[in-house]
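Chemist: Okay, handing you the structure first.
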Amino acid sequence: MISPAHYLFLSLALFLIGAIGVITRRNVIVVLMSIELILNAVNINLVAFSRIFGDVSGQVFALFIIADAAAEAAVGLGIIIAFFRNRETVFADEMDLLKW
Amino acid sequence: MLDSITFYFFAGVAVLSAALMVTRRNAVHSAVLLVTTLLATAGIFLQLRAEFIFITQIILYVGGIMVLFIFVIMLVRLDVALQHMRFRLQRWVALFVALALGVEITVVFLFARRLPGQGLLIQEPAPADKLPPNTEELARSLFSSYLLPFEIASVLLLVAMVGAVVMAKKRIDQ
Amino acid sequence: MTLPPSLEAILTFLQNWWVEIVCGVVIVAVVPLIAGYVVLVERKLMADMQARLGPMRVGPHGLLQPIADALKLLIKEDLIPDNADKLIFWLAPVISMVAAMTSMGAIAFGPTFQVARDINVGILFVIGVSSLGLLGIILGGWASNSHYSIIGAIRSTAQLVSYETAAGLAIVGALLLAGTLRIRAIVDAQQQLGVWFIFLTPVAFFIYLVASIAETNRAPFDLPEAESELVAGYMTEYSGFRWSLYFLGEYANMIVVGSVATTLFLGGWLRPFPNVHWLDWLDFLPPLIIAAVGVYCIYRAGKQPVEIQIWFMWAVALTCFAVAVIFAVPLFVTSLKFILPGLHGAFWFLLKVSGYIYLFMWLRFTLPRYRFDQLMHLGWYILIPLAIVNVLAIGVAMILESEFGWNRWFAALLTSLFTLGIAAFLVNLYDKRTAAASSPATAAARNPYAG
């Protein structure tokens, strides 16, 4: 009853909402959270197709994506903290040091 | 029947909390809504009988990454009144991009099924009680076919840990 | 009579899952009451170790004290601090409580009592979901808009995260021996090997004991919620029913952690020496233990000062004898033998969990509190390296047994001794470091009256 199309459309919806979040928000922490949302959408897709084709490689790939997301979130938040310590801001439009 | 109910419930919660998440002004509210989205996604994984990914999502994503996010949001907490979306043009750009992407993928998927011999080959998934035990299958695959990516992932995590510590450390000599 | 398909689907669902639903309802209904009485047991034990009597006023021997406490908490005024985030202030204790109760869903309190019907990732589910309580702590601390709360929440979260890693690695040691993550299969593995895993990997049990005390914010690791340190840490601004939710979550977490330790290390619902057949008379121990408690009550009944307390002691004794008869009947009546594993299994399981929690309370009343940097050093410098070495050692022991044909006990003993050697080395390093920090040279430098 739940066809693969359902999972594809769910994954698409989450991906688009994440993309809107990345483009629209000022707070870079919320931008990072939207990136996590995009990664989750991809994970849903991978696991759904792994179930359909009976191949566990999709779940292995999803596992690696989760590990990679953890690493990227850690480093990204470290950069944000370092920048905040220097410039006292986390808003993307105020991070204009390199602007000419 | 049970599958349908669980799927629609978790999918609805995921999409609703994701939509709320990108529109909240308070960053902590956004973080809590992302936690809800991640838990709903974990529910989808469970519904797909991928139990190990379900529990990995909960332990790593919700219990690890989101706690990190909430910590950092607490540390850089600025006045809420300053946060208002100033980019009027950006909103329309975002909606246009989202619409374009959505229409494109939907068209690819819907039309691909009608072309015989081309497009996606989608078969019926195996019935749920004939599946091999999930953790054992995953472990077997991870430690035989995907051993090299596994080791590289561990090196990646080590490098990320060192990088994050170096980035966030206070410079005492300055 | 054909029912509409949705009603038929609901009926088949109930038919297949009614046992699990009943178990879930029992857990949700009984755990808050049990947690309340665990608090009473703790106060009585604390009193006993401090040579006094504890709560005696409310009800006979203070047995209605938890009811009085619950009533008091329910009628207290519900304060929300100024400028606090109301939604998150409301949500945080709920997250804590729900995480603790949900993780109880996968624990098997006996061979038949389990809500999640033998999920593939059993132990990992319990550990993972109970670690969601962290979110409740940090959100509660932040939402209170008070500096005591935030500092307490950050300290508590840092402590929980560090010791969660140590606990997980310690569990891996026992999981290597079990070969599976499913809870019933772990206890079955202990039955097949004929020995509880604590005897094969005592170091892992000790690491898990220390890590679980830190996980539940109990003394000697209770710096985040000690009254003399931070008022009450993240719970400072919570009063009345919200505080009781946090409190119940903490005690439910204690039960969860005790159950995990019992399942992995103490043989779950197995009796001591489960495979040794000439010790089958140990099956008579549960009714004998309960009957012994009844006999003790009768002995104490004669020494009570007030008449109603004599009646009460006799009532308790008669209840104990009735329960002992219920436990003993399936042993003799062969047609009822099928309920024997479930009934006696639940008794042994609860006995072991109670022993583990008694150990928690004993340590609370005996040891002084750890300072926060000492706590962090213990977690990261000593327990985590020790747990990693233990996993390697267990792996080596298993290979020695299966590939080289060594005796299982000899291999386990050798590798345990090696791990203990590493532990001694790490503790020695820590002692050298603290001795260097407080050596006479630095003490003279710090002495304000020197020179």
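The values are calculated or read from the model by the stated rules, or taken from the named source; none is laboratory data. Keep in mind the model is a prediction, meaning the values are calculated, not measured. For neighbour counting, all protein chains shown are included, and Cβ atoms are generated from backbone atoms with ideal geometry for every residue, glycine included.
Chemist: Only residues that are within 16 Å of residue B:38 (Cα to Cα) and either facing chain B (nearest Cβ under 7 Å) or touching a Leu at 6+ places or on another chain (Cβ under 6 Å) (or both): list them for segment A:22-35, please.
Modeler: Answer for segment A:22-35, where residues must be within 16 Å of residue B:38 (Cα to Cα) and either facing chain B (nearest Cβ under 7 Å) or touching a Leu at 6+ places or on another chain (Cβ under 6 Å) (or both): A:30, A:33, A:34.
Chemist: Identify the residue in segment C:383-408 that is in contact with a helix residue (DSSP H, G or I) (Cβ under 9 Å, 6 or more places away or on another chain) and in a loop (DSSP other than H, G, I, E, B) and, among all such residues, is nearest to residue C:201 (Cα to Cα).
Modeler: Among those residues, the one meeting the criterion is C:407.
Chemist: Mind checking which pairs have a first residue in segment A:54-67 that is more than 7 Å from every other protein chain (Cβ to nearest Cβ) and farther than 19 Å from residue B:59 by Cα and a second that is assigned to a helix (DSSP H, G or I) and among the hydroxyl-bearing types (Ser, Thr, Tyr), Cβ under 6 Å, 6 or more apart or different chains?
Modeler: As it stands, the answer is A:58/A:50, since those pairs meet every condition given.
Chemist: Looking at (1) surrounded by fewer than 24 Cβ atoms within 10 Å (Cβ to Cβ); (2) more than 16 Å from residue C:251 (Cα to Cα); (3) more than 12 Å from chain B (Cβ to nearest Cβ), find the lone condition where residue C:108 falls short.
Modeler: (1)
Chemist: State which residue pairs qualify: first residue at negative phi and inside segment C:359-378, second residue of a type in the set (Gly, Ala, Ser) in any location, beta carbons under 6 Å apart, and separation of 6 or more residues or different chains.
Modeler: Listed pairs, sorted by first residue: C:364/C:219.
Chemist: Right, next: Can you tell me which condition residue C:52 does not meet? The list is (1) within 25 Å of the chain's Cα centre (by Cα); (2) farther than 29 Å from residue C:245 by Cβ; (3) of a type in the set (D, E, K, R), and all the others hold.
Modeler: Only one criterion in (1) within 25 Å of the chain's Cα centre (by Cα); (2) farther than 29 Å from residue C:245 by Cβ; (3) of a type in the set (D, E, K, R) is unmet by residue C:52, namely (1).
Chemist: Quick check, is residue C:152 within 14 Å of chain B (Cβ to nearest Cβ) and in contact (Cβ under 8 Å) with a residue 24 or more places away in the chain?
Modeler: Numbers: within 14 Å of chain B (Cβ to nearest Cβ): yes; in contact (Cβ under 8 Å) with a residue 24 or more places away in the chain: yes.
Considered against the rule, which asks whether it is within 14 Å of chain B (Cβ to nearest Cβ) and in contact (Cβ under 8 Å) with a residue 24 or more places away in the chain, residue C:152 comes out as yes.
Chemist: So which of A:38, A:23, A:29, A:80 ends up being modelled with pLDDT of 95 or more and buried (at least 17 other Cβ atoms within 10 Å of the Cβ)? Walk me through how you get there before you give the answer.
Modeler: Values: A:23 fails: modelled with pLDDT of 95 or more; A:29 fails: modelled with pLDDT of 95 or more; A:80 fails: modelled with pLDDT of 95 or more.
Only one candidate passes the filter, namely A:38.
Chemist: Might you let me know whether segment C:237-249 holds any residue that is assigned to a loop (DSSP other than H, G, I, E, B), among the hydroxyl-bearing types (Ser, Thr, Tyr) and crowded, with 24+ Cβ neighbours inside 10 Å? Working first, answer last.
Modeler: Kept after step one, since they are assigned to a loop (DSSP other than H, G, I, E, B), are these residues of segment C:237-249: C:237-240.
Going one step further and asking which of them are among the hydroxyl-bearing types (Ser, Thr, Tyr), we end up with C:238-239.
Subset that is crowded, with 24+ Cβ neighbours inside 10 Å: C:238.
For segment C:237-249, residues assigned to a loop (DSSP other than H, G, I, E, B), among the hydroxyl-bearing types (Ser, Thr, Tyr) and crowded, with 24+ Cβ neighbours inside 10 Å: present.
Chemist: Conditions first: (1) surrounded by fewer than 21 Cβ atoms within 10 Å (Cβ to Cβ); (2) more than 22 Å from residue B:43 (Cα to Cα); (3) among the hydrophobic types (A, V, I, L, M, F, W, C). Residue A:8 passes all but one, so which condition is the exception?
Modeler: (2)
Chemist: Which residue out of B:52, B:69, B:7 is closer than 17 Å to residue A:74 by Cβ and either within 9 Å of chain A (Cβ to nearest Cβ) or crowded, with 24+ Cβ neighbours inside 10 Å (or both)? Spell out the reasoning first.
Modeler: On the way: B:52 fails: closer than 17 Å to residue A:74 by Cβ; B:7 fails: closer than 17 Å to residue A:74 by Cβ.
Result of the check over B:52, B:69, B:7: B:69.
Chemist: Residues in segment C:179-209 that are surrounded by fewer than 23 Cβ atoms within 10 Å (Cβ to Cβ) and assigned to a helix (DSSP H, G or I): how many?
Modeler: Qualifying residue count, segment C:179-209: 13.
Chemist: Next question. Confirm whether residue C:115 is touching a Cys at 6+ places or on another chain (Cβ under 9 Å), of a type in the set (A, V, I, L, M) and either more than 14 Å from every other protein chain (Cβ to nearest Cβ) or free of Cβ contacts under 8 Å to residues at least 12 places away in the same chain (or both).
Modeler: Numbers: touching a Cys at 6+ places or on another chain (Cβ under 9 Å): yes; of a type in the set (A, V, I, L, M): yes; either more than 14 Å from every other protein chain (Cβ to nearest Cβ) or free of Cβ contacts under 8 Å to residues at least 12 places away in the same chain (or both): yes.
Answer is yes for this residue.
Chemist: Another question, then. Scanning segment C:118-146 for residues that are assigned to a loop (DSSP other than H, G, I, E, B) and more than 10 Å from every other protein chain (Cβ to nearest Cβ), which turns out surrounded by the fewest Cβ atoms within 10 Å (Cβ to Cβ)?
Modeler: Start the filter on segment C:118-146 by keeping residues that are assigned to a loop (DSSP other than H, G, I, E, B), which leaves C:118-121, C:131-132, C:144-146.
Adding the requirement that they be more than 10 Å from every other protein chain (Cβ to nearest Cβ) leaves C:118, C:144-146.
Values: C:118: 12, C:144: 26, C:145: 16, C:146: 19.
Per the stated criteria, the residue is C:118.
Chemist: Shifting gears a bit: Would segment B:12-19 turn up any residue that is at the interface with another protein chain (Cβ under 7 Å from one of its Cβ atoms), surrounded by fewer than 20 Cβ atoms within 10 Å (Cβ to Cβ) and at positive phi?
Modeler: The first filter runs over segment B:12-19 and keeps only residues at the interface with another protein chain (Cβ under 7 Å from one of its Cβ atoms), leaving B:14-15, B:18-19.
Narrowing the set further to residues that are surrounded by fewer than 20 Cβ atoms within 10 Å (Cβ to Cβ) leaves B:15, B:19.
Checking the rest, the ones that are also at positive phi come to none.
Checked segment B:12-19: no residue is at the interface with another protein chain (Cβ under 7 Å from one of its Cβ atoms), surrounded by fewer than 20 Cβ atoms within 10 Å (Cβ to Cβ) and at positive phi.
Yes or no, residue by residue, for (1) within 13 Å of residue C:210 (Cβ to Cβ); (2) surrounded by 14 or more Cβ atoms within 10 Å (Cβ to Cβ):
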site	(1), (2)
C:322	no, no
C:330	no, yes
C:334	no, no
C:360	yes, yes
C:368	no, no
C:379	yes, yes
C:385	no, yes
C:388	no, yes
C:391	no, yes
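Chemist: Which condition from (1) on the phi < 0 side of the Ramachandran plot; (2) free of Cβ contacts under 8 Å to residues at least 60 places away in the same chain; (3) hydrophobic (A, V, I, L, M, F, W, C) is the one that residue C:84 breaks?
Modeler: The one condition residue C:84 does not meet is (2).
Chemist: Of the numbered conditions (1) facing chain A (nearest Cβ under 10 Å); (2) surrounded by 11 or more Cβ atoms within 10 Å (Cβ to Cβ); (3) modelled with pLDDT under 80, residue B:159 fails exactly one; give the number of that condition.
Modeler: In the conditions (1) facing chain A (nearest Cβ under 10 Å); (2) surrounded by 11 or more Cβ atoms within 10 Å (Cβ to Cβ); (3) modelled with pLDDT under 80, residue B:159 misses (3) alone.
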